[in-house]
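A.B. asks: I am attaching a structure below and will ask some questions about it afterwards.
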2 protein chains.
Amino acid sequence: MNETEDEDRADAWFHALADRTRRDILRRVLAGEHSVSTLAQSYDMSFAAVQKHVAVLERAGLLTKRRQGREALASGDVAAVRSVGAMLTDLEALWRGRISRMDELFAEEATATHTDNQKD
Amino acid sequence: MNETEDEDRADAWFHALADRTRRDILRRVLAGEHSVSTLAQSYDMSFAAVQKHVAVLERAGLLTKRRQGREALASGDVAAVRSVGAMLTDLEALWRGRISRMDELFAEEATATHTDNQKD
DNA sequence: ACAACGTACAACCACATGGTTGTACGTTAG
DNA sequence: CTAACGTACAACCATGTGGTTGTACGTTGT
């Protein structure tokens, strides 16, 4: 569990998701298994381009491929999607930490105001 | 609510998050307000580079800046982070749809098997 | 007043990215 | 057997990205 490896995975996740074609491919393969050529027919670009998008999603671990004859069937990995979501939840937690630190600050100030009278 | 605008926003979100320096900046400004130069001191790169990263996060709506004298104070926008999370939850929903469709398929097959005896 | 600070932005560079076409190879259908 | 299909990958190209340095300008402290 290297620190840098986590960041590498996050880089791959978000980079893979930062393209609308790839997000659309991911939606389709999460909803059901599709061959690469079937996917390619849905987009106004070459088969090779779509194949590269699928490869990016695969390298990021967001989808897996299995061979069936001459076809490569792609399937979305919902666990990976959840991992990305978890990372965002962690970010939210930092924000909540800020809020509670503000509460502490208010509490301290209130205490200080009270004790100020006894100071000096 | 243009269809393409949503995709544009998503592109900006995920692209902004696809860089580890920007994710680290976002963590810091979610945890509390920081000036750009304060942030810049944390990284082994020029001020201008960090400033550009902050600009990317700002354009994506993940942080906001306010001016105080000569400083620009950056603060993370947790609502935007939640929006990104919501988008992933929508992806999960597609996956759950696949599962329930599989359930339907099983149900149909079971029914078909029963009715098979009456066919012919 | 003026030097130092914090910010913004333009110009530039090396490299990554998203697209193309072409080639090769195993698999399926006729 | 042979032709068509589905896939994989290399080579190439235009554009985008992440970094740099330099310049300009308002703000702050002495």
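A.B. asks: Check each of the trypsin sites (Lys or Arg not before Pro) in region A:1-106 and keep only those in coil by DSSP with at most 15 other C-beta atoms within 10 angstrom; list them in order.
C.D. replies: Counting only loop positions with at most 15 other Cβ atoms within 10 Å, the trypsin sites (Lys or Arg not before Pro) in region A:1-106 are A:ARG70.
A.B. asks: Could you state the orientation-averaged shadow area of the convex hull built on the Cα atoms of the protein assembly as shown, in nm² to one decimal?
C.D. replies: Quarter of the Cα hull surface area: 22.9 nm².
A.B. asks: Tell me, what ³J(HN,Hα) does each residue in region A:61-72 have, in order and in whole Hz, if you take phi through Karplus 6.51 cos²θ - 1.76 cosθ + 1.60 with θ = phi - 60° and put x for Gly and Pro?
C.D. replies: For region A:61-72, the Karplus-derived couplings read x, 7, 9, 10, 10, 10, 8, 9, x, 8, 8, 10 Hz, x marking Gly and Pro.
A.B. asks: OK, next. Cα axis of helix A:3-17 to longest principal axis of chain A: angle in degrees, 0 to 90, nearest 10?
C.D. replies: 60
A.B. asks: Right, something else. Around A:LEU63, which amide H atoms from residues at least 5 apart in sequence, or from another chain, sit under 5 Å from its own amide H, with H modelled in the peptide plane?
C.D. replies: Close amide H contacts, sequence-distant or interchain: A:GLU58, A:ASP77.
A.B. asks: So if R0 is 30 Å, what FRET efficiency would A:GLN68 and B:ASP90 give, r being the distance between their Cβ atoms, rounded to the nearest 0.05?
C.D. replies: My answer for the efficiency is 0.55.
A.B. asks: Sticking with this structure for a sec: Report, in degrees rounded to the nearest 10, the 0 to 90 angle that the Cα long axis of helix A:47-59 makes with the longest principal axis of chain A.
C.D. replies: 40
A.B. asks: Which angle from 0 to 90°, rounded to the nearest 10, does the C-alpha axis of helix A:20-31 make with the longest principal axis of chain A?
C.D. replies: 80
A.B. asks: In deg cm²/dmol and to the nearest 500, what is the mean residue ellipticity at 222 nm of chain A if only DSSP H runs of at least 4 residues count, each as -39500 (n - 2.57), divided by the residue total?
C.D. replies: Counting only the DSSP helices, I get -23500 deg cm²/dmol.
A.B. asks: Two decimals is fine: what's Rg over Rh for region A:3-79, C-alpha atoms, Kirkwood radius as Rh?
C.D. replies: Ratio of gyration radius to Kirkwood radius: 0.98.
A short reminder: the numbers here are calculations on the coordinates, not readings from a lab. Note that this is a predicted model, so its numbers are computed, not measured. Here Cβ is always computed from backbone atoms with ideal geometry, including for glycine, and neighbour counts include all displayed protein chains.
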